[in-house]
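> Dropping a structure here in structure tokens format, bear with me for questions.
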Amino acid sequence: MTKKPLLEIKNLHVHYITNEGTVQAINDLNLELYPGETLGLVGETGAGKTTTALAMMRLVPNPPGKIVSGEVLYKGKNLVEMKEADLRKIRGNQISMIFQDPMTSLNPIMTVGDQIREGIMLHQKVDKATATKRAMDMLEVVGIPMERYDEYPHQFSGGMKQRVVIAISLSCNPEILIADEPTTALDVTIQAQVLQLMENLKVEFDTSMLMITHDLGVVAKVCDHVAIMYAGTVIEHAQKHKLYRTPKHPYTIGLFESIPNVHETTERLKPIIGLMPDPTDLPTGCTFHPRCPHAMDICKVEFPEVTHLSDEHWVRCHLYPADKEVE
Ligand code: SF4
């Protein structure tokens, strides 16, 4: 039986209207997140990863941003068209988000325990005593002794603050956790601990996770599936091992060739030539064509559609014509 996605994005377009022109941040983006899976959303800075996450929660700042068209289907309901009051019941409750810098999420003048409790009381019909007990339990779950309930964010290290943010995000037992570069602001050893914690909690709470990152090492460690983004769209989407073994899109292949591989001896890394295009002036056709070693005439005029290569692997590239079995 084919699995149904818990969350599905279909043909999403998001623009920002600025004095410099229209920034086409998301362009015909498709994405699927399945129950219990961790999906890595990978791309360089400016690829549109954070805008994708904000669009999933319908939090794109308007103005200057606008969801121009497309659907974000959560359990079949389109969040793009949902009433704000209904959406508020989903945000932070059924879909929760962890941002890159914990300090932007925490209130500096409120104790960490009260911040966890506040989230619980906002979304669940429980009394104060029950919410306090649950907040204490959540501190312990993320490895912080409950005795620290009455301390303030400045009394915690960066890694501990991110643990508090994780506790707040998971306190309502969301079905989907969106983590936007959750370890980027932390040093390397703390990064590993926080990733391990997130992995353990995902299993314990049975949460589906969207892990936004530019780091293929993080993906290798925690993700089941991977979506590669380029210039505002997903250009390849596959089960992790499939993508690492047999990447198909020239950009994905370029990404792997541009990072060190400890299992292979490589004389020199091969960076992808050129730069990510200006989102106010995207190339016609396939947006990767000015940088692609395989570009053909059609690539300059036609944006490739999705081609399913197998059950858990799709790509958008004219090298793989629609409906042709390649694997
Ligand atoms: Fe290269 Fe064409 Fe494929 Fe784009 S569609 S990645 S330009 S071969």
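The values are calculated or read from the model by the stated rules, or taken from the named source; none is laboratory data. Please read these numbers as outputs of a predicted model, since none were measured by experiment. We place every Cβ from the backbone using ideal geometry, glycine too, and count neighbours over all the protein chains shown.
> When you check Tyr34 against the structure, is it of a type in the set (Ser, Thr, Tyr), buried (at least 18 other Cβ atoms within 10 Å of the Cβ) and more than 30 Å from Thr280 (Cβ to Cβ), yes or no? Give the steps one after another, and end with the answer.
Values: of a type in the set (Ser, Thr, Tyr): yes; buried (at least 18 other Cβ atoms within 10 Å of the Cβ): no; more than 30 Å from Thr280 (Cβ to Cβ): yes.
Criteria not met by Tyr34.
To keep it simple, each residue is scored yes or no on (1) modelled with pLDDT under 95; (2) aliphatic (A, V, I, L, M); (3) surrounded by 19 or more Cβ atoms within 10 Å (Cβ to Cβ).
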position: Val218; (1), (2), (3): yes, yes, yes
position: Met229; (1), (2), (3): no, yes, yes
position: Thr233; (1), (2), (3): no, no, yes
position: Leu269; (1), (2), (3): yes, yes, no
position: Thr284; (1), (2), (3): no, no, no
position: Lys300; (1), (2), (3): no, no, no
position: Cys317; (1), (2), (3): no, no, yes
position: Val326; (1), (2), (3): yes, yes, no
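> Can you tell me which residue in segment 270-284 is farthest from Gly21 (Cα to Cα), limited to those that are β-branched (Val, Ile, Thr) and within 12 Å of the ligand (Cβ to nearest atom)? I'd like the intermediate steps shown before the answer.
First, the residues of segment 270-284 that are β-branched (Val, Ile, Thr): 272-273, 280, 284.
From the residues that got through so far, the ones that are within 12 Å of the ligand (Cβ to nearest atom) too are 272, 284.
On the way: Ile272: 27, Thr284: 17 Å.
Across segment 270-284, the extreme among qualifying residues is Ile272.
> From the residues in segment 285-320 that are small (Gly, Ala, Ser) and touching a helix residue (DSSP H, G or I) at 6+ places or on another chain (Cβ under 7 Å), which one is nearest to the ligand (Cβ to nearest atom)?
Taking segment 285-320 as the starting set, the residues that turn out to be small (Gly, Ala, Ser) are 285, 295, 310.
Subset that is touching a helix residue (DSSP H, G or I) at 6+ places or on another chain (Cβ under 7 Å): 285, 295.
Details: Gly285: 7, Ala295: 4 Å.
Checking each candidate, the answer is Ala295.
> Does Ile109 satisfy being modelled with pLDDT of 95 or more and of a type in the set (Val, Ile, Thr)?
Answer is yes for this residue.
> Hey, among Leu282, Leu275, which residue is in contact (Cβ under 8 Å) with a residue 60 or more places away in the chain and either assigned to a loop (DSSP other than H, G, I, E, B) or closer than 19 Å to Ala238 by Cβ (or both)? Show your work before the answer.
Details: Leu275 fails: in contact (Cβ under 8 Å) with a residue 60 or more places away in the chain.
That would be Leu282, the only listed residue that is in contact (Cβ under 8 Å) with a residue 60 or more places away in the chain and either assigned to a loop (DSSP other than H, G, I, E, B) or closer than 19 Å to Ala238 by Cβ (or both).
> OK, next. Could we say that Thr213 is of a type in the set (Ser, Thr, Tyr) and surrounded by 15 or more Cβ atoms within 10 Å (Cβ to Cβ) here?
In short, yes.
> Let me ask something else. As an exercise: evaluate Leu255 against (1) within 13 Å of Glu236 (Cα to Cα); (2) at pLDDT 95 or above; (3) within 13 Å of the ligand (Cβ to nearest atom) and give the number of the one condition it does not meet.
Just one mismatch for Leu255, condition (2).
> Got at least one residue in segment 196-205 being surrounded by fewer than 17 Cβ atoms within 10 Å (Cβ to Cβ) and either modelled with pLDDT of 95 or more or among the charged types (D, E, K, R) (or both)?
Our first condition is that a residue be surrounded by fewer than 17 Cβ atoms within 10 Å (Cβ to Cβ); within segment 196-205, this holds for 196, 199-200, 203-205.
Pick out the ones that are also either modelled with pLDDT of 95 or more or among the charged types (D, E, K, R) (or both) and you get 199, 204.
Yes: one or more hits.
> Looking at this structure, is His237 within 22 Å of Ala53 (Cα to Cα), more than 16 Å from the ligand (Cβ to nearest atom) and either more than 23 Å from the chain's Cα centre (by Cα) or modelled with pLDDT of 95 or more (or both)?
Working: within 22 Å of Ala53 (Cα to Cα): yes; more than 16 Å from the ligand (Cβ to nearest atom): no; either more than 23 Å from the chain's Cα centre (by Cα) or modelled with pLDDT of 95 or more (or both): yes.
Judged against the criteria, His237 is not a match.
> Now a separate question. Have a look at Asn107, Asn93, Asn62, Asn78 and point out the one that is within 23 Å of Gly158 (Cα to Cα) and surrounded by fewer than 19 Cβ atoms within 10 Å (Cβ to Cβ). Show your work before the answer.
Numbers: Asn93 fails: within 23 Å of Gly158 (Cα to Cα); Asn62 fails: within 23 Å of Gly158 (Cα to Cα); Asn78 fails: within 23 Å of Gly158 (Cα to Cα).
Residue meeting the stated conditions: Asn107.
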